[in-house]
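Values quoted throughout were computed directly from the atomic coordinates according to the rules given, and no laboratory measurement underlies them. Model, not experiment: these values are computed from the prediction. FYI the Cβ positions are ideal-geometry reconstructions off the backbone, even for glycines, and counts take in every protein chain you see.
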Amino acid sequence: MHDPLPDPLAVLKLAADKAISEEQAATAMNWAARMTVDAWHEYADFWGQSRDDLLAMDRWLTLLGDSQMSLLDDAVSMVLGAESILEELYRESDSENPGRQARAIRTNRPRIHIR
């Protein structure tokens, strides 16, 4: 399943506001959107509303107010926390294999072979 791409300007603003990378900001925005939808499903099920009622969901979102920003802040801290855990795991696995070279940085750039 593919997540829709968040608004690029919103990603840039979040990245600048939180001093994180654009990739981290996009991941946090997707994570916050997923948590919001899950919370809406729980709310709709509890009150017997249809999960697909977009007008009801929109009204519910206006009730949240500032809670939406705290949800986004939580998502940013979860993304940063997940990355620090991964860094620690990579460091531990690299220290167990001292003869192994450091991981190469992976990029999406095509490799150019000069002949």
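Report the label-to-label distance for SER50 and LEU63 in nanometres (one decimal), using points 7 Å from each Cα along the Cα→Cβ vector.
Label at SER50, label at LEU63, 1.9 nm between them.
For ASP17 and SER70 in one chain, what is 0.36 nm times their gap in residues minus the Cα-Cα distance, to one decimal in nm?
17.7 nm
Using the beta-carbon distance between GLU83 and ASP38 and R0 = 25 Å, what value does 1/(1 + (r/R0)^6) give for FRET efficiency, to the nearest 0.05?
About 0.65, to the nearest 0.05.
Can you tell me the order of 64-76, 84-96, 19-31, 37-49 when each peptide is scored by its average per-residue count of other Cβ atoms within 10 angstrom, highest first?
Most protected by this proxy first, the peptides run 19-31, 64-76, 37-49, 84-96.
When Rg is the radius of gyration of the Cα atoms in region 8-96 and Rh is its Kirkwood radius, what does Rg/Rh come to?
On the way: Rg = 16.6 Å, Rh = 14.8 Å.
A ratio of 1.12.
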